[in-house]
Amino acid sequence: MKRTLSLLLLALSCLSAQPLPPAVIPAPVRMEVRDGSVSLTASSAITYSAAEANETALQCAEELNRATGFGLEPSKGKNGTIHFQLNERPDKNLGAEGYTLESGNGRIVIAANAPAGLFYGMQTLLQLLPPEVRSDTVVRRDWSVPAVRITDAPRFGWRGMMLDVSRHFFSVDDVKRYIDEMARYKYNTFHWHLTDDHGWRIEIKSLPRLTEVGAWRVERFGEFGRRQGPKPGEPATVGGFYTQEQVRDIVAYAQKRHVTIVPEIDMPGHSMAAIAAYPELSVTKDTTIRVNPGTKFAEWFGNGTFKMYIDNTLNPSDERVYDFIDKVMTELVPLFPGPYIHAGGDECYKGYWKQDPGCRALMKKLNIRHVEDLQGYFMGRVEKILKSKGKKMIGWDEIMEGGVSPSATVMSWRGIWTGVEAAAAGHDVVMAPASHVYIDYNQGDQTVDPPVYASLRMKKAYSFEPVPDGTDPARILGGQANLWAENVPHLRAAQYLAYPRAWALSEVFWSPKGSKDWYGFTQRLERHFLRADAAGVTASRAVFDPVVRTIAAGERLRIVMESEFPALDLHYTIDDTMPDERSPRYTDSFLLPEGPVTVRVRAYRDGRPVGNLVTLKPDELRNRAGK
Ligand code: ACM
């Protein structure tokens, strides 16, 4: 019924040039839809109330002109068809990022206490326009905005997305595009994972080998983690880095979009690229270590413990290591105006430290019994360096191991529990549990989407609650979606993984607690796919794919199917034919007949296929039941 209604609305709005009902993501705090609409034309005017609102008005004109061809030029004033108003007396409910948007009676007024709020109001306005507003070329059509009254402000101050540019390098333009898309969904923090075992990506002039050597690896193809290591003398040709000039350019680009960049130098583990450049930074001082092209160099034991076959850790007992970090930070800190530097701290293997006489002597001197506690000492030293340069340290949740001062901010990734522990210990916390926000994980069926070691379906990402019960909400700065790039060789692949899950998470980080509504979200989501299409942004449609489980039933298997997306029909076959809209429709779980049976299933809407065909062969079906 609802579907028929929405189709009818869509048809009606096309016929009468009425605007579509609003589909804003993240959902605003309050939105009242009224009768009528406001039409934008080439003779519409854009005005702004004060010089500080000029930038947003210009951005709005640029956005609109690209797709409409109107050639609008904003001017100072108060009567524009679109008017940007900085509140003379701050509205307490809006804070620095909130806004009000009122459209009707021929005009649209966006008001805020600060430019960031105007910017978010503008993003909402763009989402009230048809999807084609994201087009890079001029589209001829009616441009109208529904009459609405919106009051909106974010739930959290830290709404982050991370991009790992070490495992694969992303160009300056790619990074800008990533930031631009974030800002459209009201993210305000870009965590830039700049260094790791697979490449060092930022120019440090006093340490030239970091980029001469550390930014480049040998060319390899195929599954990351199963590749061959470098051969002796083989040239390292794949990689890249950002010059400081380019970093300044990206920082300025982000600032215009009210995005703060948090750069990460991952230490003391995950440092193989730095060690390839300067082997003396490690305890092993192994000069054969190269920037890693994606070999298997660690063994994971399934309980969170692991062993590294190649030393990728900085030596905590060598003062020259702290001189190195000081030099890096001396050049890094002035490039980034934000308050935080991310110092990593994750997955540090202590096996080489344990055997090292220098580390053992340091442990004795510090009266430390466990080698793990050396990491606490190391992170404390890094925090001191950062504090001396006026920055706050944030690190992955392992920084709590071995003790770190409560002034350090913790990015909780191993689970929700690490965030609970960190908050209880008095740390500020950014919630980024892999279980809900790791958007490098597989999002569809593992037999369809490229397999990744773990899975995160869209609906689960949407269900994330960043403030666990019993935790002081004042300690939770917000949350973040993380995109690791082992399996992400280019921007389209990054977008495919990021979207739509990062849209779902934008609602988790922005919209009020308790306001989530999966059905409503999926209805809005459809329109955002169209927006992405118009913008040339890749977005996965895996949310339409059937979710298939099997349960052992004696010698046989019971098949259970679900659809994350509401109101789809799942048509399947078990007779080795391709399913179509007349194949059996799934209504309830069923026992699979004995024999070498393959299940093929696809989702349909109004008799048309949506999403991918899922094909599960007998071995896979047994596997899923743990047989
Ligand atoms: C992490 O995923 N190693 C922070």
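Quick notes
- Residues satisfying the stated conditions in segment 199-224, i.e. in a loop (DSSP other than H, G, I, E, B), among the aliphatic types (A, V, I, L, M) and over 24 Å from the mean Cα position of the chain (by Cα): Ile204, Leu207, Val213, Val218
- Selection status of Leu207, of a type in the set (A, V, I, L, M), crowded, with 23+ Cβ neighbours inside 10 Å and over 30 Å from Thr81 (Cβ atoms): no
- Looking across Ala96, Ala61, Ala111, one residue alone is of a type outside the set (Val, Ile, Thr) and farther than 27 Å from Phe156 by Cα. It is Ala61.
- Residue count, segment 100-118 (criterion: crowded, with 23+ Cβ neighbours inside 10 Å and farther than 18 Å from Arg34 by Cβ): 3
- Selection within segment 285-300 - of a type in the set (D, E, K, R) and more than 26 Å from the chain's Cα centre (by Cα): Lys285, Asp286, Arg290, Glu299
Quick grid of which residues meet (1) within 12 Å of the ligand (Cβ to nearest atom); (2) surrounded by 16 or more Cβ atoms within 10 Å (Cβ to Cβ):
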{"residue": "Ser405", "(1), (2)": "no, no"}
{"residue": "Met411", "(1), (2)": "yes, yes"}
{"residue": "Arg414", "(1), (2)": "yes, yes"}
{"residue": "Ala422", "(1), (2)": "no, yes"}
{"residue": "Gly426", "(1), (2)": "no, no"}
{"residue": "His436", "(1), (2)": "no, yes"}
{"residue": "Lys460", "(1), (2)": "no, yes"}
{"residue": "Arg475", "(1), (2)": "no, yes"}
{"residue": "Gly478", "(1), (2)": "no, yes"}
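- Taking segment 216-266 as the range and being on the phi > 0 side of the Ramachandran plot and small (Gly, Ala, Ser) as the test, the residues that pass are Gly222, Gly225, Gly233, Gly239, Gly240.
- Count of segment 292-340 residues, restricted to those that are touching a residue at least 12 places away in the same chain (Cβ under 8 Å), surrounded by fewer than 19 Cβ atoms within 10 Å (Cβ to Cβ), within 15 Å of the ligand (Cβ to nearest atom) and assigned to a loop (DSSP other than H, G, I, E, B), is 2.
- Within segment 341-354, restricting attention to residues that are under 16 Å from Trp396 (Cα atoms) and out of contact with any helix residue (DSSP H, G or I) (no Cβ under 9 Å at 6 or more places or on another chain), the residue that is surrounded by the most Cβ atoms within 10 Å (Cβ to Cβ) is His342.
- Residue list for segment 31-45, filter: surrounded by fewer than 13 Cβ atoms within 10 Å (Cβ to Cβ), in contact (Cβ under 8 Å) with a residue 24 or more places away in the chain and not hydrophobic (A, V, I, L, M, F, W, C): Glu32, Asp35, Thr41
- Exclusive hit being within 16 Å of the ligand (Cβ to nearest atom), surrounded by 16 or more Cβ atoms within 10 Å (Cβ to Cβ) and either of a type in the set (Gly, Ala, Ser) or under 23 Å from Ala422 (Cβ atoms) (or both), set Glu398, Glu383: Glu398
- In this structure, Gly520 does not satisfy being assigned to a strand (DSSP E or B) and either in contact (Cβ under 8 Å) with a residue 24 or more places away in the chain or of a type in the set (D, E, K, R) (or both).
- Pick from segment 266-283, criterion more than 16 Å from the ligand (Cβ to nearest atom) and in a helix (DSSP H, G or I), ranking: surrounded by the fewest Cβ atoms within 10 Å (Cβ to Cβ): Glu280
- Residue identified as at pLDDT 95 or above, more than 16 Å from the ligand (Cβ to nearest atom) and not in a helix (DSSP H, G or I) among Val508, Val448, Val430, Val488: Val448
- The one condition in (1) under 25 Å from Thr447 (Cβ atoms); (2) away from the ligand (no atom under 16 Å from the Cβ); (3) assigned to a loop (DSSP other than H, G, I, E, B) that Lys513 fails to fulfil: (1)
- Test: residue in segment 240-260 that is within 16 Å of the ligand (Cβ to nearest atom) and either loosely packed, with under 15 Cβ neighbours inside 10 Å or not in a helix (DSSP H, G or I) (or both): no
- The C-beta contact set for segment 400-411 (first residue in contact (Cβ under 8 Å) with a residue 60 or more places away in the chain and more than 15 Å from His370 (Cβ to Cβ), second residue within 14 Å of the ligand (Cβ to nearest atom) and of a type outside the set (Asp, Glu), distance under 6 angstrom, 6+ apart or interchain) comprises Thr409/Ile394; Met411/Ile394; Met411/Trp396; Met411/Val430; Met411/Ala432.
- So Ile559, is it surrounded by fewer than 20 Cβ atoms within 10 Å (Cβ to Cβ), at pLDDT 95 or above and among the hydrophobic types (A, V, I, L, M, F, W, C): no
- Ala116 meets all of the listed conditions (1) touching a helix residue (DSSP H, G or I) at 6+ places or on another chain (Cβ under 7 Å); (2) touching a residue at least 12 places away in the same chain (Cβ under 8 Å) but one, namely (1).
- Selection status of Thr615, surrounded by fewer than 15 Cβ atoms within 10 Å (Cβ to Cβ) and β-branched (Val, Ile, Thr): no
- Residues that are surrounded by fewer than 17 Cβ atoms within 10 Å (Cβ to Cβ), touching a strand residue (DSSP E or B) at 6+ places or on another chain (Cβ under 6 Å) and in a strand (DSSP E or B), drawn from segment 576-608: Arg585, Phe590, Leu591
- Residue identified as assigned to a loop (DSSP other than H, G, I, E, B) and either of a type in the set (Lys, Arg) or surrounded by fewer than 22 Cβ atoms within 10 Å (Cβ to Cβ) (or both) among Arg177, Arg159, Arg149, Arg155: Arg155
- Boolean, Ala454 is over 14 Å from the mean Cα position of the chain (by Cα) and within 13 Å of the ligand (Cβ to nearest atom): yes
- Among the residues of segment 347-378, those identified as within 16 Å of the ligand (Cβ to nearest atom) and touching a residue at least 60 places away in the same chain (Cβ under 8 Å) are Glu347, Cys348, Tyr349, Gln375.
- With respect to (1) closer than 14 Å to Ala277 by Cβ; (2) in contact with a Gly (Cβ under 7 Å, 6 or more places away or on another chain); (3) basic (Lys, Arg), the lone exception for Arg227 is condition (1).
- The listed residue being within 19 Å of His258 (Cα to Cα) and either modelled with pLDDT of 95 or more or hydrophobic (A, V, I, L, M, F, W, C) (or both), out of Leu72, Leu40, Leu86: Leu86
The values are calculated or read from the model by the stated rules, or taken from the named source; none is laboratory data. Predicted model only: the values in this text are computed from it and were never measured. When we count neighbours, we look across all protein chains shown, and the Cβ atoms used for this are built from the backbone with ideal geometry, even at glycine.
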